[in-house]
Amino acid sequence: MPSAVAVITDIHGNLPALEAALARIDELDIERIYCGGDLVGYGPHPNEVCALIEDRQIPTIYGNYDYAIGRDLEDCGCAYPTQHERELGQRSVDWTLAHADQHAKDFMRELPFDLRFDVGQTSVHLVHGSPRKVNEYLFEDKPASLYERLAAAEEADVLIFGHTHRPWVHEYGGVLFVNCGSVGKPKDGDPRGAFAILRQAGGELDVKIERVEYDAEAVAREVASAGLPDEYAEKLVLAA
C-alpha cells in the first residue's frame, strides 16, 4: 500500500490547471493519485480533461456534474443562491452537454459514487460531496454536530471530499475530514489550483493542501471565447 497519495477534485474542464497539478504531483514523486470528480462544467476543456484522467488511469469517482453530463441530464444538482446564478449555471450545463463528446460522456457515466483505499495503515473514504449525497455541501462553518453524526457513521479513518471548492481539514469524532479544494475552479480567494497530499510517516498521517500556479488568465480568455458566461472567466482569476 502507498505511503503517500494525492487527491485531486473539481477540475471543471480546466485542462491547464489539471496539467499543472499533475506535474506538481509528479515532481513530488507521488505515484498514486485519486480523483474526487467534477471533471467537467464551467471550463472549456471537458473532453481533454476526461481523456487525460483516463490516459493516466487515475481512479476517479463521479461528481454531480459528471453524473448529469454523462447521462445527458439538464440539471447538474448545483445549489444556486440567486436566480441570476441559476441562469448562469444552466448556460454552463447546456454548453457542456453540447461540447462533451460521447466518449467523455460514456467515461463519466461509468464512474462510481465513492472509493476506499489505504495510505500506509490509514483507511480513507473518498466521496464528492458527502457520504450521503453527491451534491451535499460540507462547508467548514457547518455545525460540529453534523460532522459528529457523519463521523459516527464512517468506517474509515479519513473522509476526503470536495464540491465546495474551499479546502479545510478538521477532526471530528475520531475521523479526519479533508476538503481538497478545487484544482480548476477555486472559490477561496486564491486562484491557484488546490489538491491534497496525504503521507503516512512514523505512524502518523500528515495532510497538506498543496497549491499550484497556472495561467488562469489565459484559461479565462478561453472561457469567454468559448461562449461560456464572462462571469465564469472573471471568477477563475478572482477565485470567487
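The values are calculated or read from the model by the stated rules, or taken from the named source; none is laboratory data. For clarity, every value in this text was computed on a predicted model and none was experimentally measured. Here Cβ is always computed from backbone atoms with ideal geometry, including for glycine, and neighbour counts include all displayed protein chains. We work out accessible area using only protein heavy atoms, side chains counted, and drop any ligands, DNA or RNA first. Shrake-Rupley method; radii C 1.70, N 1.55, O 1.52, S 1.80 Å.
Quick rundown of the values:
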{"read-out": "Residue count, segment 181-233 (criterion: over 29 Å from His170 (Cα atoms), surrounded by fewer than 18 Cβ atoms within 10 Å (Cβ to Cβ), at pLDDT 95 or above and of a type outside the set (Gly, Ala, Ser))", "value": "3"}
{"read-out": "Members of segment 40-69 that are among the β-branched types (Val, Ile, Thr) and either closer than 13 Å to Val93 by Cβ or not in a loop (DSSP other than H, G, I, E, B) (or both)", "value": "Val40, Val49, Ile53, Thr60, Ile69"}
{"read-out": "Matching option when the condition is free of Cβ contacts under 8 Å to residues at least 60 places away in the same chain and either open to solvent by less than 50 Å² (accessible area, probe 1.4 Å) or in a loop (DSSP other than H, G, I, E, B) (or both), among Asp94, Asp106, Asp72", "value": "Asp72"}
{"read-out": "Leu15 open to solvent by 10 Å² or more (accessible area, probe 1.4 Å) and closer than 21 Å to Asn64 by Cβ", "value": "yes"}
{"read-out": "Restricting segment 34-51 to residues that are open to solvent by 10 Å² or more (accessible area, probe 1.4 Å) and out of contact with any helix residue (DSSP H, G or I) (no Cβ under 6 Å at 6 or more places or on another chain), the residue that is farthest from Ala6 (Cα to Cα)", "value": "Ala51"}
{"read-out": "Residues (open to solvent by 50 Å² or more (accessible area, probe 1.4 Å) and not basic (Lys, Arg)) located in segment 160-180", "value": "Val169, His170, Glu171, Gly173, Gly174"}
{"read-out": "Given (1) in a helix (DSSP H, G or I); (2) under 24 Å from Arg32 (Cβ atoms), number of the condition Phe117 does not satisfy", "value": "(1)"}
{"read-out": "Which numbered condition Gly13 fails, given (1) touching a residue at least 60 places away in the same chain (Cβ under 8 Å); (2) part of a loop (DSSP other than H, G, I, E, B); (3) closer than 16 Å to Ala196 by Cβ", "value": "(3)"}
{"read-out": "Boolean, Glu148 is in contact with a Lys or Arg (Cβ under 8 Å, 6 or more places away or on another chain), open to solvent by 60 Å² or more (accessible area, probe 1.4 Å) and modelled with pLDDT of 95 or more", "value": "no"}
{"read-out": "Unmet criterion (only one of (1) over 21 Å from Ile160 (Cα atoms); (2) over 16 Å from the mean Cα position of the chain (by Cα)) for Pro46", "value": "(2)"}
{"read-out": "Any hit, segment 157-173, residues being touching a helix residue (DSSP H, G or I) at 6+ places or on another chain (Cβ under 8 Å) and under 27 Å from Glu234 (Cα atoms)", "value": "yes"}
